[in-house]
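A quick write-up on the structure given underneath.
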Amino acid sequence: MNIGDPAKPYFLDVDTGSDLTWLQCDAPCQSCSKVPHPLYRPVQNKLVPCADSLCTALHSGLGRNNKCSSPKQCDYRIKYTDSASSLGVLIADNFSLPLSKSSNIRPSLTFGCGYDQQVGKNGAKPAPTDGLLGLGRGSVSLLSQLKQKGITKNVLGHCLSTNGGGFLFFGDGIVPTSGVTWVPMARSTSGNYYSPGSGTLYFDRRSLGLKPMEVVFDSGSTYTYFTAEAYHAVVSALKGGLSRSFKQVSDPELLLCWKGQKAFKSVFDVKKDFKSLSLSFATGKNAVMEIPPENYLVVTKSGNVCLGILDAAAAKLSFSIIGDITMQDQMVIYDNEKAQLGWMRGPCSRSAKSAMSSSP
């Protein structure tokens, strides 16, 4: 996204699982990862004061240890489930956003200037992004701010392609009028997540005899996580259905991997050897999310095929997460106006423009 005056480019991690957008920031920086672009430099007069309603909302969402060190600024400290964190102050600056009618708007939006990030092991690894794009349900989320300013409806969608790339949209301009599976948004028991409610898991269209599990959609999670019981049931069903030509091997990338008679190049080499999973949601009419093998398997650098579903209990999560791997090649729509979530299978390698022209 292009932010600031003059606008400069930044890469952001698209996260529907948290609210605050932030950039690694030279305020000056105490701990920043090596990022793709020069650090954002804040200007004193862009500071958001402590009394601002977005500061109050952010603090009430983040809990007790967030307070202002001075009335002139809004300090925050945010921790993520993978124990990464960002410490900083709120800033308001212009975002240059392309409208579908090919003009640009430049609203002033509030985001975090993070000058102390702890990511991974001491933040030593270079980061692929300059910061995070928070698209959750809270009022400080970029989406809520665009709605509040009357720029777009409070609707968001993304389409991630199996080939890399894809598109993201705000507003309801390209939401398809048919073909989408919709479920009402459920209140997540843990935090402010987008949740389609409880889902029952099936393997190869057969029930695994599991009780329904709470599911959330989180584009900030690369992999999908299933609660312990479901995870172990899937692992044993997969192992039981695999031919002898697959041998279990260890691979640094993921926990459960197999090698074949020769190295695999893509998930599509092994698709026919694995069965589909599906999640059925009682809240929607025939609301089923199909999870074909390419939506839960990864082929690693070493040519092994690995399971891209992890055990939620090992990650100290009490619910299941549908992550990016399972969202590939489906348009996922978060409609806060009608309090519903939707998904629709289809290639995401097309641009948003061609998606627009094919939907009324």
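The values are calculated or read from the model by the stated rules, or taken from the named source; none is laboratory data. Everything numeric here is computed off the predicted structure, so don't read it as measured data. Glycine also receives a Cβ, built like all others from the backbone with ideal geometry; neighbour counts cover every protein chain displayed.
If you take the residues in region 272-293 that are closer than 22 Å to GLN328 by Cβ and without any contact (Cβ under 8 Å) to a residue 24 or more places away in the chain, which one is surrounded by the most Cβ atoms within 10 Å (Cβ to Cβ)? Taking the candidates together, the pick is PRO292. Which residue is surrounded by the most Cβ atoms within 10 Å (Cβ to Cβ), if the candidates are limited to region 200-249 and must be among the basic types (Lys, Arg) and under 29 Å from LEU160 (Cα atoms)? Going through the qualifying residues, I end up with LYS239.
Identify, from the list LYS285, LYS275, the residue that is in a loop (DSSP other than H, G, I, E, B) and either of a type in the set (Asp, Glu) or within 18 Å of LEU208 (Cα to Cα) (or both).
Numbers: LYS285 fails: either of a type in the set (Asp, Glu) or within 18 Å of LEU208 (Cα to Cα) (or both).
One residue alone meets the criteria, LYS275.
Please find, within region 97-132, the residue that is modelled with the highest pLDDT out of those that are of a type in the set (S, T, N, Q) and over 22 Å from the mean Cα position of the chain (by Cα). Restricting to residues being of a type in the set (S, T, N, Q) and over 22 Å from the mean Cα position of the chain (by Cα), the top hit is SER108.
What residue, among those in region 222-272 that are among the basic types (Lys, Arg) and part of a loop (DSSP other than H, G, I, E, B), is nearest to VAL288 (Cα to Cα)?
Restricting attention to region 222-272, the residues satisfying the condition of being among the basic types (Lys, Arg) are 239, 244, 247, 259, 262, 265, 271-272.
From what's left, part of a loop (DSSP other than H, G, I, E, B): 244, 262, 265.
Working: ARG244: 31, LYS262: 35, LYS265: 30 Å.
The selected residue is LYS265.
Yes/no per residue for (1) within 15 Å of GLY114 (Cβ to Cβ); (2) crowded, with 18+ Cβ neighbours inside 10 Å; (3) out of contact with any strand residue (DSSP E or B) (no Cβ under 6 Å at 6 or more places or on another chain); (4) at pLDDT below 95:
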site	(1), (2), (3), (4)
ASP5	no, no, no, yes
ASP19	yes, yes, no, yes
LYS34	yes, no, yes, yes
GLN44	no, no, yes, yes
HIS59	no, yes, yes, yes
ASN66	yes, no, no, yes
ILE78	yes, yes, no, yes
ALA84	yes, no, yes, yes
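Of the residues examined, LEU317 is one that is of a type outside the set (Phe, Trp, Tyr), at pLDDT below 95 and buried (at least 17 other Cβ atoms within 10 Å of the Cβ).
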